[in-house]
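A.B. asks: Sharing a structure with you now.
The values are calculated or read from the model by the stated rules, or taken from the named source; none is laboratory data. Treat the numbers as computed from the prediction; the structure is a model and nothing was measured. Note: ideal-geometry Cβ built from the backbone for every residue, glycine included; neighbour counts use all protein chains shown.
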Amino acid sequence: MPLRTGRLDRWSRRHPLIVLAVGVAVLGWMVFWEIERIAAARHTVAYGWTTGLAAGVTASLALAALLIAVLRMNKRTPGKGLGAVAVAVLTLVVTVSVVFVLLATGPPTVNVKGVPYIVTTGIAVAGMAYAATFAAMCLSLTAWAAIRVVRIRLAGGQAGGHVKVSEGAHRDLLTGLIGPCRSGWDVSWIGDGRLPRRLVAATLTEAADEAAAAAVALYLRRPAGAAAAANFQIALFPYRYTKGPIFEITGGPGMFTAAENESGRVLRGATLEDLVAAAGSAGDLRPGEYMFHWIRPVTALSPLPPPAGSQPGAASGSA
């Protein structure tokens, strides 16, 4: 059994869109089915239909709000075992209650003497509304996750297809994809295992700095020495990238350099914004036909605990 579970887990990680698509289909069908039954019950429930509907929706929203509050509290205090137990208990309560409601309010598999199943009580309406509301919330989360996976894969295809990492690079590589958004610049992530949250910043410099800080925080939570064997790269897309030169960024604030190896073209600027502006002012570089790439060891992003066996006071890198 553990072997089969491991295979299923690996398959789901390789094909997340298939898993999410199945989830959207199942949850969408469930929401539609419950709403249809609730609407039909409007004509068969003598009294209590409105009360049952309001009670079911309110109960599901209240339990969901409690679960979200406990999740946030547990995230702020990850070392507390009580928070993890509370999350597990609430998750179990939600799952069991929804399954119970579905079994209790669902039609029988065989009609008795050909008489169709008809909802006649407000309590049944409350149960269906309870299940429908949870299904709708889960459907929204699943659809959001699917959209995010598609977005990251599209951006990752751009980065993976065009960003070249040297043969001697470490295998543990975290990638931050930076691109413009309505409120400034956003950062999404590609990598193995747990990833930082998506970030949004007002300026490009802030986005890059916050991405680097998030990478450091991620590796600080990993086993000692993990950061020493990891690189952090930024794939910067001022526009939706299609083809064209890739400028490799070196240097730091006050003296950035971005060089394109094939043509030998070099852009310089005091900030990342200056590099983007320099590329934009070049007459032969059209929007969408260039991008920037910046790779650094994680230990060079900020001071980190020295690896095991290092001498006290040894430098771990500079920003």
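A.B. asks: Out of Thr242, Thr257, report the one residue that is hydroxyl-bearing (Ser, Thr, Tyr) and under 17 Å from Glu289 (Cβ atoms). Before the answer, list the steps.
C.D. replies: Details: Thr257 fails: under 17 Å from Glu289 (Cβ atoms).
The match here is Thr242.
A.B. asks: Could you check the stretch 167-249 for strands (runs of 3 or more DSSP E) lying wholly inside it with 1 or more residues that are assigned by TED's automatic domain parsing to the domain that holds Ala277 and more than 20 Å from the chain's Cα centre (by Cα)?
C.D. replies: 230-236
A.B. asks: Tell me which residues, restricted to the stretch 197-215, are at pLDDT below 90 and either exposed (fewer than 13 other Cβ atoms within 10 Å of the Cβ) or closer than 17 Å to Thr299 by Cβ (or both).
C.D. replies: Across the stretch 197-215, the qualifying residue is only Arg197.
A.B. asks: Considering only residues that are touching a residue at least 40 places away in the same chain (Cβ under 8 Å) and more than 19 Å from Gly127 (Cβ to Cβ), which ones fall in the stretch 14-52?
C.D. replies: Within the stretch 14-52, Pro16, Leu17, Leu20, Ala21, Gly23, Val24, Gly28 meet the criteria.
A.B. asks: While we're looking at this one, here's another question. I need every pair where a residue in the stretch 221-240 that is modelled with pLDDT under 80 has its Cβ under 7 Å from the Cβ of a residue that is outside any loop (DSSP other than H, G, I, E, B) and among the aromatic types (Phe, Trp, Tyr), sequence separation at least 6 or different chains.
C.D. replies: Cβ pairs passing all conditions: Ala226/Tyr219; Ala227/Tyr219.
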